[in-house]
Amino acid sequence: MSPCWSDEESSDDTSSDESPSAGMDVDTTTAPLGTSGAAVGAITDVDNTSAVAGQEGLGDINVKDELMKAFNASKKTFKGTYATLQKYETMPNPLLDIDGLGVFGMPLSAAESQRLRSRCNPAAFGKGERTVLDPSVRDTFELDASCVRFLNPAWEVWLREAMQSACNELGLAGRSPRHELYKLLVYEVGSHFHLHQDTEKAPGMFATVVIVLPSQHEGGSVHVQHGRQRKTLQSSGQGLLTTTVMAWYTDVFHEVKPVTGGYRVALTYNLMHDPSMPDIPRAPADDGVFDQIQEALQLWHVKELLGQKRPKRLIHALSHHYSEVNLSFSHLKGPDATLVSLLRDAASMHGFYVALGHLSYTEKGYGNDNGPPSDSEEEEEDPGMCEVTKTRLTLQLKSGFNGADIGRDKKISNKSKKNDDLMMDDEYWDRQEPDDTEYEGYMGNGAGSLEYFYHRTVVAIWPLSHNASLISSAGGRDFIISELEHCTSTEPSPVELSYIPIALTAGTSDVSCLIAGLAIRWKDRQMWLNALKACKGDRNIAVLGTSRVLTALEVFGFAGIQEALDLVVSNTMSTKSRLDFVNALEKDNVHRSDVARIPAKWFDDKRRYILASLRYPQDEDVAAMVNTVVAFPDGIAILRDTLLPQLVALHLLYDWWFEFVSQLQAWVESQGTFSGWKGPVFNAAKTTFSQAVQHAPSNQARFKLLADLEGLWVSYEDAQTWVLETRKSAVHDLCQPAPGDAALLMTFVRTEPHYLETVLIPTLARMQYVEEFWLDLLEQLRSYSEEANQLLPSQWDQQVSDLLRIPLSRARAKTTSNSEAFRLIERFYAICDSLDPMIVMLCEQKRDVLRSMKRPKEDDIPLLLDVLKLDQEFALSQFSSRLGAFRLDLALWSGFVHGVRARAADWTQSSWTQEQIQRLLTLLVTEAVSTIPLPIANALTTGVAQPVKSLFTVTVQALLTLCAETDNIAVCSSVFRKVFAASSSADTVKSHILPLVPVVIAFAKGRGLTIEQNPFDKFFRETIRLYVTLILGKRPSPADSERWRKSLCSTCLCYDCKAVNALIVSPQQEIMWASGQKRRKHVEREINTKKGLKISTSSGGYPHKLVVTKLVHEYDPVSLWTEKAKAGAAFLKTFGEDDILQRLYASAPGRLSILMDCLRGNASPSSLGGSEYAEQATITSVLATPLTATDSAPAGTSSVPRKRPPPLPNPEDVIEISD
């Protein structure tokens, strides 16, 4: 397959792969249509079809075959060609003027052509969606038309004549399309352009014209192909004064062969349809073809009348392929234009519909591919189709007038036995070349998927009797609606009438209004009624609109659409719309014609009917209903007996009734009539008014409703009495208080004796807590209590305090943080500063917040400690354990400890002693040490380098600091016990405990303590013990090293492996074994996976040597232990000189001597005994018994252990370790 390139003379055309077929290969030598013509001619009307039914031979005549004969005859009558070449020996000198270069004369010399080429740019081409430059495909130079001018007026005269001559050759005699210059092209030696198609570069473009200017050149011929037809258009080898004019349709494939000498200079023009051009005139020679087409269509019509076998539609492929932009009747080319013009004329005479379309056929299978070529073979193009596994044929119908889609792309059958629509045989596609190909390539074990794509432009024809079903089945309703929108006819055509039922299935108001407008223009009453029902306009007048109904009334008369008017009034839901519709019809009714005038009784009857058949009135219906009912002479009776019973039954809302009464009031005040309406209306609305007051969302809203109703019924005594009684009931039956209700309730407190204690307090005790309401109420009560004539009871503050306690506790329980709970209580302090019972209750609330505290945050610490100061019992008995239950982090614990220390001076000014404060600090630090987790991260498993100070070390150091800052050095023992409980392996000892040693040493020295002092001595001894037992271990024997060396040997029993194994088990650290490559590789493979060996090859000498190095220091047990023992001795040096180490072990007699034997390998690590932290340690006795507020300690005592003289060293522990 050839690649897809853009057009020969341009840079922005769309590609195709191969040339399309020129049409159908159909035998045209069959008998003419004489038989069918005679049979058809015998029919003069529908009723005479029975006379023809018995005619011999009519049932055997095939409509498709007869029409195909006519189509082939049409192609033969077409005198044009798909491509043409004309030469002109003389032409006027165009005086070619180029921007920047000046004027060029003719013929063009080589020097002038070269100078012109220097002004041009390399020409690009379109490939798919991209525009690319590729000289291997197109090697040409171009200049835009805007840079080219012709100074000789005679050139334009000659150009028009040349264009007309080219059009005549293309079969467009009698037509004068527009032309425009597109590009100037220069071809030098080697310039070429591969096979491609032109695209429509301008609206209406259908052909390309190329004018090769006179110049000396060789080569550059144009090879064109259309279907199976081929031509060569040659411009070289002619006189220097000869001008060559070439022309072809845009869908013709063409290729420019390389120029072999000189310069080829060409002007490219676009030929475009003029929208104002008439259809192609039919020559007299076409009359015979026209008669054949008529006879075939008549035969089709007769077979349909007789119920004989005939096609539902026929689809015929055109000779040319057209783009989406240029697919219309007016843009057809050559034989296609002639054929479709004849077909349309005949179709319009015999009741047929003609459309255009795109037919797409896809074949899918696998390629005939035997695999990639060998090095000596050349790579071939895509293989042919080996076997077709799947096919797909789709048709997209198009309007011939504007190219609009008729429905959707629809799949159809490709087999003539299943699909009689296609005017092609089953082998048609086998004779065609694909327009595009997709091949996924050889897949290793077979050929890949191969797809062929074919695209054909078709003309389709079917009887108008099938128009609705065919277009509807294709989903073409939108197309039909679009066609009707552009309809301007005053009389409907059969095609337009067939569109109406399909369009109405849309059911939308826009389409129905469109059809209603056409029905009025065509004076079709039934069509108008159908349009009204299709959009449910008979149920809602707003859909179609009153103005369209009034127009229909004038056209069809009252009798013609009375039924529709009755349905509109009966079915429309909106009362206002129904009444407005009747009023609109009544307006100007007297000025209508006699046919359109509506009887006056109809209006009166419809208004009464509307008031008697209410749906659910809305607010906008009120005014229309009032204006209608008051206009009747018997309006009061209609209101009382017809309207109000319906309104009560509909359970309308308060706002609607209020508006209804307001509208009646306003109308009566302005007109002064309609007396007697208040009683019936109030009695009907009273239930709704009562329910609205009862269910008001707040007390304010309830009393506002009563005030509004009092103003509404100001002149009706019964209503005023009801309002007064309802207000009294509401005063004693309060609803849930809301913000802003306090002022309202205080009016009752001021005016109703004993209202506070008998009504308000019992009511509020049942209600939910609303903070803003309570704050406002307390402020107003306190302010009122200071007035001289206040009516509050003497113990009102205690009563209110007792009332507020429970709802405030409930509200506090709903808070999400301690800070929020404290803020809730604090807001009342400013209001109640002078109300002692309230202050006592609020203090109790704050204490309850402390005792039931939520998980504290950093902002909570100051608030909790301020309350803790007042609750010493809780502080010394439960506070620390409550904090421990939250598993707080180190920062929060530090915050509490530092907060207590910062407040110590203030606390001692109240009821706290120094000893109690110290006791609290000890409890906090002890709980913190107990609950804060130590973050253990194994560096050997995480693979992450540990920082200078790990999080583990930082946490331990912080805990020790808390102990020291609070004079709780003894609690450090608990920290150390926690450290060793978290470190039970050699890895954790290395990564966490050993780095902790210098930190603890620095910590002790920084606080004036010695490392041999308890609890530090115990920590260091346990650290040394863990090093010896978990890291150093028992000293290995030489036999252990020998076993390690044997583990490095190969399990292979061949001679070479045995020889190398003997070298490996020897004491030598590095061994060398010489052998050939194959034998070396074998041995290397056998021992390559052994850890502890490093393998390399020495290339010095022959044969090469296998070098095996035993990694003794990394894997040999004896060597490893020796290195660890040295590291252990160095570790002991970190504690100081020998005397310090002896004092460190003074409280553990004999252990130092055992330790040294372990480091020398003379003792087992187990001889050091177990952990000194194994026993349950006790913290200072001060923690055993809680210290109450009445307990006291001797003045000046402290829990910090005093320094004591070090004990005398044990004689057996006096050893020398300096060496």
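A few points about this structure:
- Only Lys, Arg, Asp and Glu carry charge here, each on its Cβ (+1 for the first two, -1 for the last two); on that basis the chain has a dipole of about 4540 debye about its Cα centre.
- Unsatisfied cross-links (Cα-Cα over 32 Å) in the set Lys411/Lys533; Lys69/Lys411; Lys303/Lys533; Lys79/Lys127: Lys411/Lys533; Lys303/Lys533; Lys79/Lys127
- Of the cross-linked pairs Lys76/Lys231; Lys1046/Lys1094; Lys949/Lys1034; Lys231/Lys398, those separated by over 24 Å at the C-alpha level are Lys949/Lys1034; Lys231/Lys398.
- Sequence ranges 1080-1087, 624-631, 383-390, 195-202, ranked by mean other-Cβ count within 10 angstrom, highest first: 195-202, 624-631, 1080-1087, 383-390
- Approximate spin-label separation Arg615-Met573, in nm, with each point projected 7 Å along Cα-to-Cβ: 0.5 nm
- Global geometry of the stretch 734-854, whether rounded, prolate or oblate, following the gyration tensor of its Cα atoms and the 1.5 cut on a/c: prolate
- Spin-label pair Val954/Glu858, simplified geometry with 7 Å Cα→Cβ offset, distance in nm: 1.4 nm
- About the Cα centre, charge dipole magnitude for the stretch 1035-1163 (Lys/Arg +1, Asp/Glu -1 at Cβ), debye: 640 debye
- Calculated FRET value between Ala145 and Ser482, using beta carbons and R₀ = 41 Å, to 0.05: 0.65
- Förster-model FRET efficiency, 41 Å R0, Val648 and Lys814, C-beta, rounded to 0.05: 0.40
- The angle between the Cα long axis of helix 509-522 and the main principal axis of the chain comes to about 10°, on a 0 to 90 degree scale.
- Axis angle, to the nearest 10 degrees, between helix 1016-1026 and the longest C-alpha principal axis of the chain: 60 degrees.
- Inter-part distance, the stretch 889-906 to the stretch 636-659, computed on C-alpha centroids, equals 73 Å.
- Taking Cα atoms only, the orientation of helix 600-612 departs from the longest principal axis of the chain by about 20 degrees.
- Net charge of neighbours whose Cβ lies under 12 Å from the Cβ of Cys735, counting Lys and Arg as +1 and Asp and Glu as -1: 0
- Rough spin-label spacing in nm, given labels placed 7 Å along Cα→Cβ, for Lys410 and Ser910: 9.2 nm
- Highest to lowest packing among 644-651, 1059-1066, scored as the average C-beta count within 10 Å: 1059-1066, 644-651
- Other residues lying with their Cβ under 12 Å from the Cβ of Gly1076 contribute a combined charge of +4, Lys and Arg counting +1, Asp and Glu -1.
- Under 14 Å, Cβ to Cβ, from Ile520 - net charge with Lys/Arg +1 and Asp/Glu -1: +1
- Length released on extending from Asp345 to Ala707, taking residue separation times 0.36 nm less the Cα-Cα span: 122.0 nm
- Near-label residues of the stretch 588-623 by backbone N, under 20 Å of a point 7 Å along Cα→Cβ of Arg539: 610, 613-618
- Part-to-part distance (alpha-carbon centres) for the stretch 770-796 and the stretch 317-357, which is given in Å: 96 Å
- Cα shape, the chain, gyration tensor, a/c 1.5 rule: oblate
- In straight-distance terms, cross-link reach from Lys309 covers every one of the aspartates and glutamates whose alpha-carbon lies under 16 Å from its own, apart from those fewer than eight places away in the same chain; here that gives Glu56, Asp60, Asp65, Glu66, Asp420, Asp421.
- MRE, 222 nm, helices only [DSSP H, n ≥ 4, -39500 (n - 2.57), over the chain, to nearest 500]: -13500 deg cm²/dmol
- Subtracting the Cα-Cα distance of Ala902 and Leu133 from 0.36 nm times their residue separation leaves 268.7 nm of extension gain.
- ³J(HN,Hα), Karplus 6.51/-1.76/1.60, whole Hz, each residue of the stretch 827-838, x for Gly, Pro: 5, 7, 4, 5, 7, 9, 4, 9, 10, 4, x, 5
- Modelled FRET efficiency - R0 30 Å, Leu240 with Ala173, Cβ distances, 0.05 increments: 0.40
Coordinate-derived values only; no laboratory data. The structure presented is a predicted model; accordingly, all values stated were derived computationally and were not measured. Reconstructed Cβ throughout: ideal geometry from the backbone, glycine too, with neighbour counts over all protein chains shown.
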